[in-house]
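Structure, as structure tokens:
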Amino acid sequence: MKIALLGYGKMGKVIEKIALERGHEIVLRKSSSTTYLGLENADVAIDFSIPTSAVANISECLNYGVPVVSGTTGWLEEYPKMVALCENKNGSFIYGSNFSLGVNLFFELNNYLAKMMSKFKNYSASMEEIHHTQKLDAPSGTAITLAKGIIANTDYKNWTLDKKANENEIHIDAQRIENVPGTHSIFYTSEVDTIEIKHTAHSRDGFALGSIIAAEWLVGKKGVYTMKDVLELN
């Protein structure tokens, strides 16, 4: 499989390493200072860039007819436009706030626990996420996905970074600490106890492997998908 890497920072280099180990070929390594030359030769593109580049990267792929997997977060206000473009071009597109296989299982666990806890109003939900200091968006896309999972299954209406959250808001404590790949915790706290679930990433390898598995799965398909489709969790 010929892969175009859109974004060639730390994540791009980890994806390259694992892709080569799996027998794939890299035909484009796109950084902010290079062009899309070579994209037309790709079987699939993997975008781990920055929020301000994601829409241009995804659009370029869809216009070229190249299936695209995007793990860039912080640009989701434009997501409906990318879905519409994909449908208009009869293209192939997967966006994921986190491509780690473990995190996607954690998403399902979070939804299940939220359904259970919705009956017990004496518990209040809150969240904590910790990432490396180079991460540009806060809270993380993963944290937002987790918060939306709680909101969809409870009476909560919104999430907030404000410590003075209203009773219908989920407070997210977003911390940035050097060399932390990603930690996400969900708390349900009452006067007598706390229930906690937690996912801790030990390296970027899990994110990279998941994105490559998604790319392998996407080739030959048409439409807009998620990791739930890839992992058959629907």
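What value, in deg cm²/dmol to 500, does the helix sum -39500 (n - 2.57) over DSSP H runs of n ≥ 4 give at 222 nm once divided by the residues of the chain? That calculation yields -11000 deg cm²/dmol at 222 nm. With K and R counted +1 and D and E -1, the other residues having a Cβ less than 10 Å from that of Ser185 yield a net charge of -3. Applying 1/(1 + (r/R0)^6) with R0 = 41 Å to the Cβ-Cβ distance of Leu37 and Ile177 gives a FRET efficiency near 0.60. Using 0.36 nm per residue and subtracting the Cα-Cα separation, the extra length available between Asn158 and Asp205 on full extension is 13.8 nm. Residue by residue, the range 81-96 carries 3J(HN,Hα) couplings of 5, 6, 5, 4, 5, 4, 5, 5, 8, 6, x, 9, 8, 10, 10, x Hz when phi is fed to the Karplus relation 6.51 cos²θ - 1.76 cosθ + 1.60 (θ = phi - 60°); x denotes Gly or Pro.
Loop-located GluC sites (Glu not before Pro) in the range 141-181 (DSSP state not H, G, I, E or B) with no more than 10 neighbouring Cβ atoms inside 10 Å: Glu167, Glu178. Separation of the range 28-53 and the range 195-234, taken as the distance between their Cα centroids, equals 20 angstrom. Taking the protein heavy atoms of the range 11-66 in the context of the full set of protein chains, the accessible area attributed to carbon and sulfur is 52 percent at 1.4 Å.
For the chain, the per residue solvent-accessible surface stands at 49 Å², with DNA, RNA and ligands left out and a 1.4 Å probe. When semi-axes √(5λ) of the Cα gyration tensor in Å is calculated for this entry, the matching label among (1) 30, 25, 17; (2) 33, 18, 16; (3) 33, 23, 13 is (2).
Placing unit charges on the Cβ atoms only, positive for Lys and Arg and negative for Asp and Glu, gives the range 1-121 a dipole magnitude near 460 debye about its Cα centre. Name the shape class, rounded, prolate or oblate, that the alpha-carbon gyration tensor gives for the range 1-54, where a ≥ b ≥ c are the square roots of its eigenvalues, rounded holds for a/c under 1.5, and otherwise prolate holds if a/b is larger than b/c and oblate otherwise. Because a/c hits 1.5 or more and a/b fails to exceed b/c, the range 1-54 counts as oblate. Charge tally around Pro139: other residues with Cβ under 14 Å, Lys/Arg +1 each, Asp/Glu -1 each, net -2. For the range 130-234, the dipole from Cβ point charges (+1 on Lys and Arg, -1 on Asp and Glu) about the Cα centre works out to 420 debye, to the nearest 20. Across the chain, the mean sequence separation of Cα contacts (distance under 8 Å, 6 or more residues apart), normalised by length, yields a relative contact order of 21 percent. Label positions at Lys13 and Arg29, each projected 7 Å from the Cα along the C-beta direction, are separated by 0.9 nm.
Simple rule: put +1 on each Lys or Arg Cβ and -1 on each Asp or Glu Cβ in the range 52-174, find the dipole, and look at Gly141, Leu76, Val103; the Cα lying farthest toward the positive end is Val103.
Classified by the C-alpha gyration tensor, the range 115-223 has a prolate form. Its axis ratio a/c, with a ≥ b ≥ c, is 1.5 or above, and a/b is larger than b/c. Can you return the aspartates and glutamates within cross-link range of Lys157? Criterion is Cα-Cα under 19 Å, with same-chain partners fewer than 8 residues away left out. Within the straight-line limit of under 19 Å, Lys157 reaches these aspartates and glutamates: Glu77, Glu128, Glu167, Glu169, Asp173.
Just to be sure I understand: of the beta bridges DSSP finds with both ends in the chain, what percent are antiparallel, rounded to 5? Counting only bridges with both partners in the chain, antiparallel ones make up about 35 percent. Pairs with C-alpha atoms separated by more than 27 Å, drawn from the list Lys121/Lys163; Lys135/Lys221; Lys17/Lys81, are Lys135/Lys221; Lys17/Lys81. Please label the shape of the range 87-140 as rounded, prolate or oblate, based on the square roots a ≥ b ≥ c of the eigenvalues of the alpha-carbon gyration tensor (a/c under 1.5 means rounded; beyond that, a/b larger than b/c means prolate, else oblate). Because a/c hits 1.5 or more and a/b fails to exceed b/c, the range 87-140 counts as oblate.
Using only Cα atoms and rounding to the nearest 10 degrees, what angle (0 to 90) does helix 10-21 make with the longest principal axis of the chain? The angle comes out near 60 degrees. In terms of the mean number of neighbouring beta-carbon atoms within 10 Å, the peptides 107-116, 211-220 order highest first as 211-220, 107-116. When you filter the trypsin sites (Lys or Arg not before Pro) in the range 130-160 for DSSP loop state and at most 15 other Cβ atoms inside 10 Å of their Cβ, you are left with Lys157.
Considering only Met1, Ile186, Pro51, the residue lying farthest towards the positive end of the dipole of the chain is Met1, judged by Cα position with unit charges set on Cβ. Here the chain is treated with +1 on each Lys and Arg Cβ and -1 on each Asp and Glu Cβ, and its dipole about the Cα centre works out to around 260 debye.
The values are calculated or read from the model by the stated rules, or taken from the named source; none is laboratory data. Just so we're clear, the structure is a prediction, and the values are computed from it rather than from any experiment. Here the Cβ is made from the backbone with ideal geometry for all residues, glycine too, and neighbour counts use every protein chain on show. Accessible surface is based on the protein model in full, side chains and every heavy atom, while ligands, DNA and RNA are left aside. Shrake-Rupley method; radii C 1.70, N 1.55, O 1.52, S 1.80 Å.
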